[in-house]
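First up is the structure itself, then whatever we jot down about it.
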Amino acid sequence: MAYERLVEKLTKENLWLYILTMLKEKPMYGYEIAGRLRSDFKIPIATITAYVVLYKMEREGLVERVAEPEAGGGRINVRKVYYRQTEKGRDTLEKGIEYIRSILQTLEGAGKSGSGEPQKEE
């Protein structure tokens, strides 16, 4: 039960980490993001869940939506929207990864000399 809670916290409850990691590669559509969360990271989520997280991330300024122009017409097709990382998103991802690294170092070094405490986000 403890292990399952850990997995839940590190996956479903922190999807933003995985999404920002994928968006480092290229901008992506929401449906594509949901599919890759399932296939690449083995996180069993509904597609709507990915959109809810993306909406929250957009409100926080971590990602931005970009509408794709229709081919040949120059009009914006509101159904074709992709997401890309913002500078704030890149910075937040770096901080998140660094924090996880510090926790791992602390856990791996537990019982050895040192403070034994992970660095806290400022």
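The values are calculated or read from the model by the stated rules, or taken from the named source; none is laboratory data. What you see is a predicted model, and the numbers here were worked out from it, not measured in a lab. Here the Cβ is made from the backbone with ideal geometry for all residues, glycine too, and neighbour counts use every protein chain on show.
Do you know which residues across the range 18-46 are within 16 Å of K80 (Cα to Cα), of a type outside the set (A, V, I, L, M, F, W, C) and out of contact with any Phe, Trp or Tyr (no Cβ under 6 Å at 6 or more places or on another chain)? Matches in the range 18-46: K26, Y31, E32. With respect to the conditions (1) exposed (fewer than 13 other Cβ atoms within 10 Å of the Cβ); (2) touching an Asp or Glu at 6+ places or on another chain (Cβ under 8 Å), G61 falls short on a single one, namely (2).
Conditions (1) aromatic (F, W, Y); (2) surrounded by 13 or more Cβ atoms within 10 Å (Cβ to Cβ); (3) assigned to a strand (DSSP E or B); (4) modelled with pLDDT of 95 or more, marked per residue:
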| site | (1), (2), (3), (4) |
| --- | --- |
| L37 | no, yes, no, yes |
| I48 | no, no, no, yes |
| M57 | no, yes, no, yes |
| G73 | no, no, no, no |
| N77 | no, no, yes, no |
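Figure legend. Inter-residue proximity from the range 23-48: first residues small (G, A, S), second residues not in a loop (DSSP other than H, G, I, E, B), beta-carbon distance below 6 Å, spacing 6+ or different chains. Indicated pairs: G30/A50; G30/Y51; G30/L54; A34/T47; A34/A50.
Kindly evaluate I97 against the criterion of being under 14 Å from the mean Cα position of the chain (by Cα) and at pLDDT 90 or above. Criteria met by I97. Can you tell me which residues in the range 1-30 are part of a helix (DSSP H, G or I), at pLDDT 95 or above and either aliphatic (A, V, I, L, M) or more than 14 Å from the chain's Cα centre (by Cα) (or both)? Of everything in the range 1-30, those that are part of a helix (DSSP H, G or I), at pLDDT 95 or above and either aliphatic (A, V, I, L, M) or more than 14 Å from the chain's Cα centre (by Cα) (or both) turn out to be A2, L15, L17, I19, L20, M22, L23.
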